[in-house]
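Participant: This structure is in structure tokens; I'll ask about it shortly.
The values are calculated or read from the model by the stated rules, or taken from the named source; none is laboratory data. Predicted model only: the values in this text are computed from it and were never measured. Virtual Cβ from ideal backbone geometry, glycine too; neighbours counted across all protein chains shown.
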Amino acid sequence: MTLFKNDLYIWLGPSVEFFFYYSKPNIAVSGFDYAQSFAGLFALGLNADIIYSLKRNFQLESSLSLTVLSLGFRMVDNEEDNQSPVNPLTLFSGLNSSFDLGARYYLFNRLSVKLAYKFELTRISAWDPLLSASDNLIIGLTYKF
């Protein structure tokens, strides 16, 4: 498509994702007790990618990824909790998402530099709440073969 006389590319499609979170804190425990936990998602989701060319060698890029339906799993202490370690999750009870926005400059025809911001959020609320968020500054050098 074109937008303000510049090329605009949009890709929409499904995705399959796997997310795994593991934590083993270094704390003192006694006997057969242990302190560790894990949670994970097998997810079907949606992706959207947008590239907007401002000039021949400069473009803006953005992407969004959301899980729609997931199969969540976690470690369960059977002595204290009788909940199932595996649950089907929806967008509202098991979300894994990411968003990025950046600019790419082509130094040569196949060599480019990218500066971008990326935000990632994972939230699982089917059991004890798990919330993980990160934001990143990305600097990349890409060569197309």
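Participant: Filter the range 1-25 for residues that are surrounded by 12 or more Cβ atoms within 10 Å (Cβ to Cβ), at pLDDT 80 or above and closer than 17 Å to residue 120 by Cβ and give the result.
Facilitator: 15, 17
Participant: Among what's in the range 114-127 and is hydrophobic (A, V, I, L, M, F, W, C) and at pLDDT 95 or above, pick the residue that is nearest to residue 95 (Cα to Cα). Walk me through how you get there before you give the answer.
Facilitator: Here is the first cut: in the range 114-127, the residues hydrophobic (A, V, I, L, M, F, W, C) are 115-116, 119, 121, 124, 126-127.
Narrowing further to those that are at pLDDT 95 or above: 115-116, 119.
Numbers: 115: 26, 116: 23, 119: 14 Å.
Here the residue is 119.
Participant: Could you pull out the residue among 46, 60, 95 that is under 14 Å from residue 122 (Cβ atoms), modelled with pLDDT of 70 or more and either under 17 Å from the mean Cα position of the chain (by Cα) or part of a strand (DSSP E or B) (or both)?
Facilitator: Sole residue among the options that is under 14 Å from residue 122 (Cβ atoms), modelled with pLDDT of 70 or more and either under 17 Å from the mean Cα position of the chain (by Cα) or part of a strand (DSSP E or B) (or both): 95.
Participant: Can you pull out the residues in the range 128-141 that are in contact (Cβ under 8 Å) with a residue 60 or more places away in the chain and either more than 10 Å from residue 94 (Cα to Cα) or within 13 Å of the chain's Cα centre (by Cα) (or both)?
Facilitator: 132
Participant: Provide a single number: the residues in the range 108-132 that are among the hydroxyl-bearing types (Ser, Thr, Tyr) and surrounded by 15 or more Cβ atoms within 10 Å (Cβ to Cβ).
Facilitator: So in the range 108-132, the residues among the hydroxyl-bearing types (Ser, Thr, Tyr) come out as 112, 117, 122, 125, 132.
From what's left, surrounded by 15 or more Cβ atoms within 10 Å (Cβ to Cβ): 112, 122.
Residues in the range 108-132 being among the hydroxyl-bearing types (Ser, Thr, Tyr) and surrounded by 15 or more Cβ atoms within 10 Å (Cβ to Cβ): 2 in total.
Participant: Looking at the range 67-82, is at least one residue part of a strand (DSSP E or B), in contact with a strand residue (DSSP E or B) (Cβ under 6 Å, 6 or more places away or on another chain), at pLDDT 90 or above and of a type in the set (S, T, N, Q)?
Facilitator: Residues of the range 67-82 part of a strand (DSSP E or B): 67-74.
Then keep just the ones that are in contact with a strand residue (DSSP E or B) (Cβ under 6 Å, 6 or more places away or on another chain); that gives 67-74.
Next cut, at pLDDT 90 or above only: none.
No; the residues of the range 67-82 include none that is part of a strand (DSSP E or B), in contact with a strand residue (DSSP E or B) (Cβ under 6 Å, 6 or more places away or on another chain), at pLDDT 90 or above and of a type in the set (S, T, N, Q).
Participant: Condition first: loosely packed, with under 12 Cβ neighbours inside 10 Å, of a type outside the set (D, E, K, R) and either under 13 Å from the mean Cα position of the chain (by Cα) or part of a loop (DSSP other than H, G, I, E, B) (or both). Can you find one or more residues in the range 85-92 that meet it?
Facilitator: For the range 85-92, residues loosely packed, with under 12 Cβ neighbours inside 10 Å, of a type outside the set (D, E, K, R) and either under 13 Å from the mean Cα position of the chain (by Cα) or part of a loop (DSSP other than H, G, I, E, B) (or both): present.
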